[in-house]
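Student: Once you've had a glance at the structure underneath, I'll fire off some questions.
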Amino acid sequence: MASSISITVEVDGVSYTDDVEPRLLLVQHLRERLGKTGTLIGCDTTNCGACTVHLDGVSVKSCTMFAVQADGHQVITIEGMAQNGKLAPLQEAFHQCHALQCGFCTPGMIMQSASLLKENPHPTESEIREGLEGNLCRCTGYQNIVAAVKSVADGVQYDDSGVSVSPSMLEDNSETAGVS
Amino acid sequence: MTATATPRPEVGTARLRKEDAHLITGRSRFTDNMVLPGMLHLAMVRSPFAHAKITAIDVSAAQASPGVMAVLTGADVAAEQGSLPNAWPVTPDQKAPSHPSIAVEEVAFAGEIVAVVIARSVAAARDAVELVDVDYDELPVVMDLEEAATDKVLAHTSLESNKSATWVFDSAEAGTGTAIAEALANSDVVVERTLYQQRLIPAFMEPRSTVVDPTGEQITMWSATQIPHILRLMLALTLGIPESKVRVIAPDVGGGFGGKLQVTPEEVITLLAARRMGKPCKFTETRSESLQVAHHGRAQVQRLKIGATKDGIVTGLHVDLLADMGAYLGLITSGIPVLGAFMYNSIYKFPAYHFECHNIFTNKAWTDAYRGAGRPEATFAIERMMDELAGELGMDPLELREKNWIKHTEFPFTTVAGLEYDTGNYEAATEKALGLFGYDELRAEQQRRRESGATVQLGIGISTFTEMCGLAPSRVLGALNYAAGGWEHAQVRVLPTGNVEVVTGSSAHGQGHETAWSQLVADRLGVPFENVEVLHGDTQVSQRGLDTYGSRSLTVGGMAVLAAADKVIEKAKTIAAHMMEASEQDLEFANGSFTVRGTETSTSFGEIAFAAFSAHNLPDGMEPNLDSEATFDPANFSYPHGTHLAAMEVDTETGQVTVLKYVCVDDIGVVVNPMIVEGQVHGGLAQGIAQALYEEAVYDDAGTLVSGSFVDYLVPGAPDLPHYITARTETPATSNQLGAKGVGEAGTIASTPAIVNGVLDAIRHLGVKDIKMPCTPSRVWHALQEAKTTGGVQ
């Protein structure tokens, strides 16, 4: 085994210093050393995006960089998105729009969506779809994920009725629905 | 009647999901997140060859590798590992090879496990895998299904034939219809086609993972499974452990789609390793391993003949299938094509029907349930054939369907396959779909493009489908030789505070049972939605269950929940009558309170719950609790149906296919949560469209899976899929008290033929009659070129 290297990474607002093997992936460091198991591993070829986090505010797939490359950098994971017990707008929108089923792709989807909206605050539907190209979901067929991202871009405010008000949920909304 | 307003019923409300809070904040409990004291990690040594004799295994270098605790081969566990179960011997003479979790003498597909490394870290285990030295003598492989059926090369040296079983249904023999040979002979037109169901990979997003803790009195397994109850039983039967000594927990499970309806070698090996080491062990597969060895789906050759009169009345259907089992029979591998047998006649009134399937071994990963399991294959075949027949007759494919389908006035209807369809209205769903789609306008646009010779042609794909859901009536399963029943169990427990715990045998992995079951119970008991807690996926909490697959959870599991809730109400009524010194017959129950009819005297569910807990003043002989349980076994399947329409653009210069518009109208009976239903339909459509356009498990001639990563196996992303336009019609099912039919598989079953029919409709006039799935640009382009050079003869 190669000798360890000491790294310091700020993750979700806390600074961690650890000795790591050079070959350790960032996602393994997050999950196995720091206990940040909210970030998930769905593939081994950088295709699925389940492991997406923010590195210095930009989305990266944490399976595609080594932990040592994050030395001195700031990482935000899904676990750092809610602030003071209040969900981030995308987290709320994913809930309201039924943009998740099994929830495995969700952390990565939310992190990528946040990055997408930061780059393009008012994307069209097709820009959202293109922007999420690197994140796979097997449950939702994407339509409600796109709706959730769009609702945040549009500044939709949700009530606390516990009932979905997203237009895509209403029966027979379909007559007015568009075509991709 | 009380004057107070009745709260809005929960059933029918788009309740946001209870499941979401922990999943959107990263507080998930997927199996791979689990860490236990002293836990060891497993990595598998897998055969690179598709068929070979194992002649020697040298583990010494791996054993000496840093961090390695043990290396086990098949020989090391031969006495204890047993043979992995097949629960569906479809015929009495079904043939199957022995199926050890770790191969002992012979491997029959690439990826089969030959040894396991147990180490202190995943990295150490994987490093050591490279050091295990296995000597193989390669054997001939048989990869092609049609070639395998000839027995020229055998997939297993231990078997004399690649044929596992032949299963036959014949309407004349069954007394459900006339004889097929005669029917076809007397037809004006007979269309004969061979269609191919490519091999698919379920590709759930969470790779499979298993943790086993052997400490304490019980062995506890956490696993990414759809079937904790069946898994527990099968582990006990396979390994000879008393069932009571095994506890299985399915924590958060990241999708399944049938792919986690299995008893896997990895689960058995992790248990054996943990038991041997006396320490918790974990195995999590990589995505590449998952694609290679987690069971595949579909993989059939469908040889079909359909006869009709010249004015379009179908006279009979003959189906002859080759079904690729892969190298072994998994839990229900052999039964998948049999499940399809009852669906080839679909919504139509066929006088004669013959079905036979030949289950064949090849040197590939074994197949088993994948979303729809047999029914998508059947629906694809018949909906493709109806279009082919319409083309042959020069008839609008919709008109042909209308002429042959069961009219809504004809229910209940016993089909030529022997099922009794209880309810449905194909006319209503179709009419609604046509309106949303703009059928006439799109046909006119299609005509314009044809006449102008436009580069991008337009096609309309139709799929009017039905399926059998709510698997399943236990008697029917018994008649089909399936080893278990199809009932489901539930418990409703009332806590002293009046909060309610619902224990369900269904095992959700994304479907939203916690939310939907809460809605059911909130309405039935008149308690707030928030006061209901749904517990599932742990055999120690939910001691009886048959788990989640086959669109069965609501129609079977949900009905068990309602039946248990009804028993709670009966118990509560006795206590309420005692408390109010009234006769039980004079009480009415509404909105969570018992009221003495005609008076203001009432007592609430919460008061009764506390009275049952304190037990200070209960009727004589009454046991002090309200808890109840029920097991529901449906008398019939449920039959969701719908009409799906796809407008497909085909670029005749590049072969590029685009979904211009997709409309589906589904009739799934009574809906508990329209939001969840919508999500199930969307996800189903995505997987059905994926079969039509994108996905295929491809092997090379030597038996290596070429599409072995997400780089090569094309799970569609957001830009690859259209916006779906969805709507519903509703004819309640009669096979359960709610009238629900099930929705988990509808989208997947219906959409594949709609898309392919649409592609072919766009270019049929150019001479193209078939394109193998997935309809990639390359295949479409080649089909167009071939049609050009051969003048349209396929």
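Student: Report, in order of residue number, the helices in chain B meeting two criteria: a C-alpha extent of 15 Å or more along the helix axis, and a mean Kyte-Doolittle hydropathy of at least -1.0; treat each whole DSSP H run as one helix.
Tutor: Correct list, ordered by number: B:228-239, B:265-277, B:375-393, B:426-437, B:513-525, B:559-580, B:674-693, B:746-763, B:777-790.
Student: OK, next. To the nearest 500 deg cm²/dmol, what mean residue ellipticity at 222 nm is calculated for chain A from DSSP H runs of n ≥ 4 alone, each contributing -39,500 (n - 2.57), summed and divided by the residues?
Tutor: My calculation for chain A gives -6500 deg cm²/dmol from helical runs alone.
Student: Between B:A428 and B:K310, what FRET efficiency follows from the Cβ-Cβ distance if R0 is 25 Å, with the result rounded to 0.05?
Tutor: 0.30
Student: Quick one: what Rg and Dmax do you get for chain A from the alpha carbons, in Å?
Tutor: Computed over the Cα atoms of chain A, radius of gyration and Dmax are 17.5, 63 Å.
Student: Separate question: In segment B:395-480, which trypsin sites (Lys or Arg not before Pro) fall in coil by DSSP and have 16 or fewer other Cβ atoms within 10 Å?
Tutor: Hits after loop and neighbour filter: B:K407.
Student: Still on this structure, please answer the following. Fewest to most neighbouring Cβ within 10 Å: what's the order for B:M39, B:M221?
Tutor: B:M39, B:M221
Student: What ³J(HN,Hα) values, in whole Hz, does the Karplus curve 6.51 cos²θ - 1.76 cosθ + 1.60 give for segment B:355-369 when θ = phi - 60°, with x put for Gly and Pro?
Tutor: 10, 9, 10, 10, 8, 10, 8, 9, 8, 10, 4, 6, 9, 5, 4
Student: Decide, for segment B:675-768, between rounded, prolate and oblate: order the square roots of the alpha carbon gyration tensor eigenvalues as a ≥ b ≥ c, take rounded if a/c falls under 1.5, and otherwise choose prolate if a/b is larger than b/c, else oblate.
Tutor: Since a/c reaches 1.5 and a/b is larger than b/c, the shape of segment B:675-768 is classed as prolate.
Student: As an exercise, identify the trypsin sites (Lys or Arg not before Pro) in segment B:525-605 lying in DSSP coil whose Cβ has no more than 13 other Cβ atoms within 10 Å.
Tutor: B:R597
Student: Hey, with R₀ at 25 Å, roughly what FRET efficiency would B:T658 and B:V711 work out to, going by the Cβ-Cβ distance, to 0.05?
Tutor: 0.60
Student: Ok, one more. Go ahead and run the numbers for FRET between B:A56 and B:D700, Cβ-Cβ distance against an R0 of 35 Å, rounding to 0.05.
Tutor: 0.85
Student: Over 28 Å between C-alpha atoms is what I'm after, so list which of B:K95/B:K364; B:K661/B:K772; B:K95/B:K279 land there.
Tutor: B:K95/B:K279
Student: Let me ask something else about it. Multiplying the sequence separation of B:V541 and B:A179 by 0.36 nm and subtracting their Cα-Cα distance, what value in nm do you get?
Tutor: 125.1 nm
Student: Could you give the length gained on full extension between B:K772 and B:E581, defined as 0.36 nm per residue of separation minus the Cα-Cα distance, in nm?
Tutor: Full extension from B:K772 to B:E581 adds 61.4 nm.
Student: Helix-only mean residue ellipticity at 222 nm, chain B, DSSP H runs n ≥ 4 weighted -39,500 (n - 2.57), per residue, nearest 500. What is it?
Tutor: So the helix-based figure for chain B works out to -8500 deg cm²/dmol.
Student: Please list, ordered by chain and number, the residues whose modelled amide H lies under 5 Å from the amide H of A:V163; skip anything fewer than 5 residues away on the same chain.
Tutor: Correct list: B:L16.
Student: Shielding of B:17-23 by partners, i.e. mean partner chain Cβ atoms within 10 Å per residue?
Tutor: Neighbouring Cβ atoms belonging to other protein chains average 6 per residue here.
Student: Over all directions, how big on average is the projection of the convex hull of the alpha-carbon atoms in segment B:219-354, in square nanometres?
Tutor: Result: 11.4 nm².
Student: If I model a spin label at A:D71 and A:V58 as a point 7 Å from the Cα along the Cα→Cβ vector, what separation in nanometres do I get?
Tutor: Here the modelled spin labels are 2.1 nm apart.
Student: Also, I was wondering about something else. Could you tell me whether the protein assembly as shown comes out rounded, prolate or oblate from its Cα gyration tensor? Rule is a ≥ b ≥ c as square roots of the eigenvalues, rounded for a/c under 1.5, then prolate if a/b exceeds b/c, otherwise oblate.
Tutor: Note, shape of the protein assembly as shown comes out rounded.
Student: Return the average number of partner chain Cβ atoms within 10 angstrom of each residue Cβ along peptide B:671-681.
Tutor: 5
Student: Obtain the nm distance between the two label points defined at B:E392 and B:V168 by a simple spin-label model: each point lies 7 Å from its Cα along the Cα-to-C-beta direction.
Tutor: Rounded to a tenth, the inter-label distance reads 2.3 nm.
Student: So, one more: So if I place +1 on the C-beta of Lys and Arg and -1 on the C-beta of Asp and Glu, and nothing else carries charge, what would the dipole magnitude of chain B be about its Cα centre? I want it in debye, nearest 20.
Tutor: 540
Student: Shape of segment B:106-265 from its Cα gyration tensor (a ≥ b ≥ c, root eigenvalues): rounded if a/c is under 1.5, otherwise prolate when a/b > b/c, or oblate?
Tutor: prolate
Student: Ignore the peptide's own chain and count Cβ atoms of other chains within 10 Å of each Cβ in B:9-15; give me the average, rounded.
Tutor: Mean inter-chain Cβ contacts per residue within 10 Å come to 3.
Quick note: the coordinates plus some simple rules give every number you see, no bench work behind them. As the structure is a prediction and not an experimental result, all values here were calculated from the model. Note that we place each Cβ from the backbone using ideal geometry, even for glycine, and neighbour counts take in every protein chain shown.
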